[in-house]
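Report on one structure; see the data block that follows.
The values are calculated or read from the model by the stated rules, or taken from the named source; none is laboratory data. Keep in mind that this is a model prediction, so the values were computed, not measured. Counting neighbours? That spans all protein chains shown, and the Cβs are built from the backbone with ideal geometry, glycine included. With ligands, DNA and RNA removed, areas are computed over all heavy atoms of the protein, side chains included. Shrake-Rupley method; radii C 1.70, N 1.55, O 1.52, S 1.80 Å.
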Amino acid sequence: MPELPEVEVVRRGLARWVADRTVADVDVLHPRAVRRHIAGADDFAHRLKGHRIGAPSRRGKYLWLPVEDTGSAVLAHLGMSGQLLVKTQEAPDEKHLRIRVRFDDSVGTELRFVDQRTFGGLSLHDTTPDGLPDVIAHIARDPLDERFDADAFHHALRRSRTTIKRALLNQSLISGVGNIYADEALWRARLHYERPTATFTRPRTSELLGHVRDVMNAALAVGGTSFDSLYVNVNGESGYFDRSLDAYGREGEPCRRCGTPMRRRPWMNRSSYFCPRCQRPPRPSRLS
DNA sequence: CAGCACACCTGAGGGC
DNA sequence: TGCCCTCAGGTGTGCT
């Protein structure tokens with residue numbers, strides 16, 4: 001599942017292989033891939049055709065490509081299985097090819113949006129004065145953004161009657177963290193996923209944020225190393241990062257700190273992985 | 001209004 | 001062999 005580091009590597013690939021090229025033609029092969037573009041597939045294609053693509057940006061798991069001279073941008077979310085691939089025009093279509101973008105140049109490559117489970121998609125939106133697509137104005141800055149507001153995040157934790165993993169996955173408080181990196185950061189911070197946030201001290205919040213950044217930077221470092229070689233990461237063919245995970249998916253395997261078998265618990269229609277010894281559950285609270 | 005459940009998808013994998 | 005069930009999970013929506 002693409003989370004922030006994966007999306008950032010895709011963004012870098014787009015900056016290298018797609019920015020500054022002019023769109024010749026767009027094929028939407030599956031309507032669901034543009035479902036967030038309310039005006040429909042034909043409108044999406046028409047509004048891109050003939051326009052030059054600017055430098056890609058990212059916030060959390062969203063990335064966008066400015067469409068020059070239009071005040072709009074192509075917003076992309078990869079969902080759970082989406083990939084943005086740069087392929088030669090001769091390459092055979094992928095089984096789950098949803099959108100193809102051809103360019104008006106002689107480079108010989110095209111941009112493809114491929115998505116098996118169709119949770120992701122592309123859409124065109126007006127941009128706010130600071131260049132952000134209007135529909136993601138509610139998405140918080142991510143922890144790798146130098147303007148991420150750690151104080152605001154901490155105060156939101158204090159204010160909320162929620163638990164820490166819910167807060168980490170709440171993209172309006174902190175963006176870019178998904179189920180995998182949430183479990184990883186909580187394991188590193190020795191925090192149980194159901195710990196209430198209202199009592200977090202500032203040092204505890206800071207330490208957790210540090211672990212979130214560390215685990216993301218580690219993934220980014222791995223993904224960033226091979227990104228120059230080909231289109232390896234922008235096309236995702238080698239899969240997502242070879243993550244060396246300490247918590248996620250390790251049910252029954254020994255905790256890498258204390259050796260206690262890791263556990264998996266159903267949680268919000270997904271799973272939480274944790275060490276029952278390092279990450280003690282909070283005492284039941286009478287606060288409702 | 002905050003918090004939470006649920007719909008949306010498809011393919012892999014396990015049980016029988 | 002094949003059918004059915006479960007699981008994977010980010011986001012927007014709608015309900016309490």
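Odds and ends about this structure:
- Among the chymotrypsin sites (Phe, Trp or Tyr not before Pro) in the stretch A:88-143, those located in a DSSP loop and surrounded by at most 15 other Cβ atoms within 10 Å of their own Cβ are A:Phe119.
- Shape of the stretch A:82-130, Cα gyration tensor, a/c cut at 1.5: oblate
- Sites matching GluC sites (Glu not before Pro) across the stretch A:51-157 that sit in DSSP coil, with at most 15 neighbouring C-beta atoms within 10 Å: A:Glu68, A:Glu90, A:Glu146
- Modelled this way, with points 7 Å down the Cα-to-C-beta line, the labels at A:Asp69 and A:Ser172 are 3.8 nm from one another.
- Over all projection directions, the Cα-based convex hull of the stretch A:4-136 averages an area of 7.2 nm².
- Over the residues of chain A, the helix contribution to mean residue ellipticity at 222 nm works out to -8000 deg cm²/dmol, using -39500 (n - 2.57) for each DSSP H run of at least 4.
- Within the stretch A:128-209, the trypsin sites (Lys or Arg not before Pro) that combine a DSSP coil assignment with at most 12 other C-beta atoms in a 10 angstrom radius are A:Arg147, A:Arg161.
- Within the assembled protein chains, the solvent-accessible surface assigned to A:Ser244 is about 100 Å², based on a 1.4 Å probe.
- Förster-model FRET efficiency, 22 Å R0, A:Asn217 and A:Glu253, C-beta, rounded to 0.05: 0.35
- GNM remark for chain A: springs join alpha carbons under 10 Å apart, and the peak mean-square fluctuation among A:Gly252, A:Gly121, A:Gly178 falls on A:Gly252.
- Here A:Lys87 is the anchor, and the lysines within straight C-alpha reach of less than 22 Å, apart from those fewer than 8 places off in the same chain, are A:Lys49, A:Lys95.
- Dipole moment magnitude, nearest 20 debye, chain A about Cα centre, only Lys, Arg, Asp, Glu C-beta charged: 1980 debye
- Per residue, the convex hull volume that the Cα atoms of chain A enclose (Å³): 141 Å³
- Charge-dipole axis of chain A as Lys and Arg at +1 and Asp and Glu at -1 on Cβ define it, positive-most pick from A:Gly249, A:Leu124, A:Thr199: A:Thr199
- Set against the 2.2 N^0.38 Å expectation for a compact globular protein, the stretch A:1-69 has a Cα radius of gyration ratio of 1.17.
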